[in-house]
Amino acid sequence: MARQAECIVRAIQIRSGAVSAAALCLGAALFAQPANAQDDATLPGVTALPPVSVDVTKPKKRPKRAATRTGPRVAAPAPLLPPAPAQPLDTQDTRTGAVGVYANSTSVATKTNTAIINIPQTVDVVTKEFIRDNNFQTLTDVTRYVPGVAIHQGEGNRDELVIRGVDSSANFFVNGFRDDVQYYRDLYNAQSVEVLKGPSALIFGRGAGGGLVNRTLKEADWATRREVTATTGSYFDRRVTADLGQAINENVAARFNAFYEQSDTFRDYGHFERYGVNPTMTFQPADDTKVKLSYEYYHDERLADRGNPSQSLFNMIPNAANAGSLRAFPAPPFASGRSTLFGSPIYNGTHADVQTAMAFIEHDFGNGLSVKNGTIHASYLRGYRNVYPGNGALAGAVNQTQTAVNLAAYENATNRNNVFNQTDFTYKAVTGPVKHTLMFGTEFGLEASLAQRNTGYFPEASVANTVVVNPFAPTYFGPVIFKHTVTPAQTDASSRTDLSLQSGYVQDEIEITRYLQVIAGVRQDRYDLTALDQNTNSTRGRVDDLTSPRGAVIVKPIDNLSIYGSYSISYLPSSGDQFSTLNDGTLILEPQQFENKEVGVKWNILPKLLFTAAAYELDRTNVPIADPNRPGFFFPSGAHKIQGFEASLKGYVTDTWQASLAYAYTDARIASATSPTIVPGNVVQLVPQHQFAFWNKYQFTPIWSAALGVIYFSDSFASSDDTVKLPGFVRFDAGIYAQLDKTWRMQLNIENIFDTLYWASADGNNNISPGQGRTVRLTAIANF
């Protein structure tokens with residue numbers, strides 16, 4: 001693939017040789033054998049369930065490991081899950097009570113490790129074992145089993161989700177820090193993935209109106225690990241991972257995660273290559289102090305693919321005059337074959353190079369006061385090119401006679417350097433009969449970005465910025481010239497932006513009685529954005545001061561049941577998710593507001609079986625409406641109203657049967673017009689009214705287990721003008737697992753067992769992605 005965009009991408013690359021060298025030294029240190037290494041004599045794949053209670057109080061003295069056991073192995077009697085081996089008390093798994101598909105607690109939504117039953121917000125925790133059992137490799141794989149989350153295509157070059165009817169490519173976090181650049185993430189080093197629903201500004205700041213996704217990374221925690229996996233399967237997939245960790249001594253632990261993957265895809269000319277390394281170290285110089293260090297280098301390169309066009313039924317573009325007819329008879333996606341590429345294998349491509357360094361310091365002052373300070377420095381070098389269905393009289397749709405479709409082209413480069421620092425204090429106190437958990441803290445950040453877009457031109461075409469191809473042979477092999485264009489009809493963005501962030505928050509969790517808790521808090525954010533428009537050499541600036549409140553009441557009639565009501569508000573500044581540009585139109589807009597009201601119930605039916613349900617109403621206001629008389633200007637009067645219900649049951653039904661059952665009803669509507677064709681009553685794009693997911697795993701013997709999953713999405717629309725419909729679908733997945741001995745584990749995963757043809761996602765009416773066909777993966781896992 002040609003690399004004109006790469007010159008731009010490399011312009012602000014961070015020099016990190018010293019950091020990389022230190023990372024290699026850290027990785028090498030992991031192979032040293034500790035003096036007190038423990039020989040785990042039980043089957044690692046068949047572990048007993050830990051107790052549901054989570055001891056968040058750090059022990060004053062780390063217990064010594066048990067002595068190595070010798071002698072012959074005794075076959076495990078019924079029940080099938082034998083007692084767990086001795087292990088360090090303060091591991092990531094024991095802190096959260098994670099086992100199998102179940103997690104008892106999380107620290108993401110509250111800044112402190114809190115039982116999920118006590119969090120007045122919908123939180124879905126996807127554990128590392130659930131990720132492993134399903135062989136999930138991307139965030140979009142994970143979220144198909146999370147109710148209320150739909151997949152946005154992201155122009156075929158990035159992760160993008162629609163959570164509770166709100167689309168975002170920036171509401172991604174890693175260890176609680178914003179990870180807002182657009183790229184594809186991998187899960188090789190993920191301890192868990194947490195999905196929070198509803199506005200979460202008090203903890204996370206801007207945006208996140210419908211929800212957010214946080215990856216909690218694996219950390220060094222004094223547990224000995226020697227795990228290597230190798231996967232192969234459909235489309236010549238080759239993937240290897242390594243997870244190595246141990247105690248260097250009583251005060252220092254280290255861990256090293258790495259992976260490499262190369263594969264073709266089910267789409268013609270599809271391919272990708274990605275790899276990453278993530279060494280971490282944890283120091284505990286004293287019982288009340290802990291320091292955690294992490295560095296990651298991650299690379300992803302693949303074919304960019306914006307999918308298929310739609311089939312025009314009326315041979316005309318949707319507009320205010322005919323949009324009603326098109327909504328009554330929405331067009332279907334054009335199905336010329338699941339694998340057909342509507343683009344160019346020569347030019348289509350996307351790549352990302354991400355370097356991230358994190359440091360955390362935790363200290364317990366005693367008397368109920370503790371502090372955690374974290375800093376992240378992240379460098380993103382990213383670019384992509386797309387030749388895709390677009391432009392022409394039908395804006396990329398196949399004409400009525402199925403003889404022609406137009407292709408367009410563009411390239412984009414976005415570089416960013418992020419630095420964030422968070423300080424969180426927690427103070428536990430008692431005032432009379434009332435208990436308080438007071439949290440307060442600050443966040444400071446800097447984001448420096450460089451973005452440029454170039455338009456693609458087809459020198460062989462009669463109209464320079466589009467080419468006509470046969471929809472049954474749409475793959476384009478001709479030349480494309482990419483150049484920066486600034487004309488009255490076409491303006492390619494070219495900007496440098498600097499964002500300064502200062503935030504402070506306070507929240508009090510008040511336990512009035514054991515039956516009643518009240519939570520109240522507020523966050524103040526100041527966003528100072530300066531943007532240099534390199535097309536005109538003009539500088540614009542805007543400051544937003546935003547106040548985001550949060551309140552909740554929790555009633556606990558019994559210890560394992562909570563009923564809650566909550567209210568929260570988040571804002572999205574007018575510059576949007578990416579803060580990559582600022583023009584005369586967005587300069588004067590008010591921030592979008594997300595107001596959420598929610599009631600719910602959480603019930604630990606069994607010690608490791610959690611039922612949750614919630615009903616909510618989310619109002620999105622100040623949505624920009626394009627001014628037809630002034631290009632680039634907007635009216636801040638658009639609105640969405642989203643109402644829904646979600647329920648899930650997750651955990652162990654018995655010691656040998658674990659399940660995840662989830663349902664979501666989402667009614668996401670346009671409440672106030674946002675364009676001539678997006679009018680009140682329309683359904684918001686890519687929001688199915690019904691979602692259902694059911695996954696079961698059963699342990700038949702200490703060696704053999706199997707899983708079956710089913711995913712259902714009802715109909716949705718490719719865009720909010722409701723003129724192109726994506727039919728609903730049902731997909732079945734399965735897994736078979738064999739724990740051969742304490743060292744070797746094998747698993748076979750089959751996605752889309754019945755090879756169902758379905759439409760997985762879209763990025764507008766004429767960029768629609770078909771779902772992947774039957775996919776088989778065989779994995780060998782070795783624990784030494």
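The values are calculated or read from the model by the stated rules, or taken from the named source; none is laboratory data. Keep in mind that what you see is a predicted model, and the values were worked out from it rather than measured. Methodologically, a virtual Cβ is constructed for each residue, glycine included, from the backbone with ideal geometry; neighbour enumeration extends over all protein chains shown. All accessible areas refer to the heavy atoms of the entire protein, side chains included, with ligands and DNA or RNA removed. Shrake-Rupley method; radii C 1.70, N 1.55, O 1.52, S 1.80 Å.
Of note:
- Residues that are at pLDDT below 95, open to solvent by 30 Å² or more (accessible area, probe 1.4 Å) and either basic (Lys, Arg) or part of a strand (DSSP E or B) (or both), drawn from the range 631-677: Phe634, Phe635, Pro636, Ser637, Ala671, Ser672
- Close pairs (8 angstrom Cβ cut-off, 6 or more residues apart or separate chains): closer than 23 Å to Gln402 by Cβ and among the charged types (D, E, K, R) in the range 459-485, assigned to a loop (DSSP other than H, G, I, E, B) and open to solvent by 60 Å² or more (accessible area, probe 1.4 Å) anywhere: none
- Gly681 vs. criteria part of a loop (DSSP other than H, G, I, E, B), touching a Lys or Arg at 6+ places or on another chain (Cβ under 9 Å) and among the small types (Gly, Ala, Ser): yes
- Listed here are the strands (runs of 3 or more DSSP E) enclosed by the range 152-194 that have at least 3 residues being within 13 Å of the chain's Cα centre (by Cα) and among the hydrophobic types (A, V, I, L, M, F, W, C): 161-163, 172-174.
- Given (1) under 21 Å from the mean Cα position of the chain (by Cα); (2) farther than 30 Å from Glu129 by Cα, index of the condition Leu661 fails: (2)
- Of note, Val522 satisfies the criterion of being at pLDDT 95 or above, under 29 Å from the mean Cα position of the chain (by Cα), open to solvent by 40 Å² or more (accessible area, probe 1.4 Å) and not acidic (Asp, Glu).
- Condition check for Gly337 on (1) without any contact (Cβ under 8 Å) to a residue 60 or more places away in the chain; (2) closer than 28 Å to Gly276 by Cβ; (3) small (Gly, Ala, Ser): one failure, at (2).
- Taking the listed residues Val387, Val419, the one that is in contact with a strand residue (DSSP E or B) (Cβ under 6 Å, 6 or more places away or on another chain), surrounded by 22 or more Cβ atoms within 10 Å (Cβ to Cβ), part of a strand (DSSP E or B) and modelled with pLDDT of 95 or more is Val387, with no other qualifying.
- Ala378 being of a type outside the set (Val, Ile, Thr), within 29 Å of the chain's Cα centre (by Cα) and either outside any strand (DSSP E or B) or over 25 Å from Gly771 (Cβ atoms) (or both): yes
- Candidate set: the range 279-320, residues that are in contact with a Leu (Cβ under 7 Å, 6 or more places away or on another chain) and modelled with pLDDT of 95 or more; chosen: the one surrounded by the fewest Cβ atoms within 10 Å (Cβ to Cβ): Met281
- Extreme residue, surrounded by the most Cβ atoms within 10 Å (Cβ to Cβ), among residues of the range 685-728 that are modelled with pLDDT of 95 or more and among the β-branched types (Val, Ile, Thr): Val687
- Criterion (among the acidic types (Asp, Glu) and under 17 Å from Asp528 (Cα atoms)) met by exactly one of Asp559, Asp584: Asp584
- Among residues of the range 486-526, those that are without any contact (Cβ under 8 Å) to a residue 60 or more places away in the chain, more than 21 Å from Ser200 (Cα to Cα) and part of a strand (DSSP E or B), counted: 6
- Selection of first residues in the range 363-385 that are without any contact (Cβ under 8 Å) to a residue 60 or more places away in the chain and of second residues that are among the polar types (S, T, N, Q) and not in a strand (DSSP E or B), restricted to Cβ pairs under 8 Å at least 6 apart or on distinct chains, gives an empty result.
Residue-by-condition table, conditions (1) at pLDDT below 95; (2) touching a helix residue (DSSP H, G or I) at 6+ places or on another chain (Cβ under 7 Å); (3) within 24 Å of Thr426 (Cα to Cα); (4) crowded, with 24+ Cβ neighbours inside 10 Å:
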{"residue": "Arg178", "(1), (2), (3), (4)": "yes, no, yes, yes"}
{"residue": "Asn189", "(1), (2), (3), (4)": "no, no, no, yes"}
{"residue": "Pro199", "(1), (2), (3), (4)": "yes, no, yes, yes"}
{"residue": "Gly210", "(1), (2), (3), (4)": "yes, no, no, yes"}
{"residue": "Leu217", "(1), (2), (3), (4)": "no, no, yes, no"}
{"residue": "Thr224", "(1), (2), (3), (4)": "yes, no, no, no"}
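- Condition met for Glu227 (of a type in the set (D, E, K, R), touching a strand residue (DSSP E or B) at 6+ places or on another chain (Cβ under 7 Å), under 30 Å from Arg526 (Cβ atoms) and assigned to a strand (DSSP E or B)): no
- Yes/no for Thr442 being open to solvent by 30 Å² or more (accessible area, probe 1.4 Å) and not in a strand (DSSP E or B): no
- The set of residues from the range 463-476 being in a loop (DSSP other than H, G, I, E, B), open to solvent by 40 Å² or more (accessible area, probe 1.4 Å) and either among the charged types (D, E, K, R) or within 16 Å of Arg267 (Cα to Cα) (or both) comprises just one member, Phe472.
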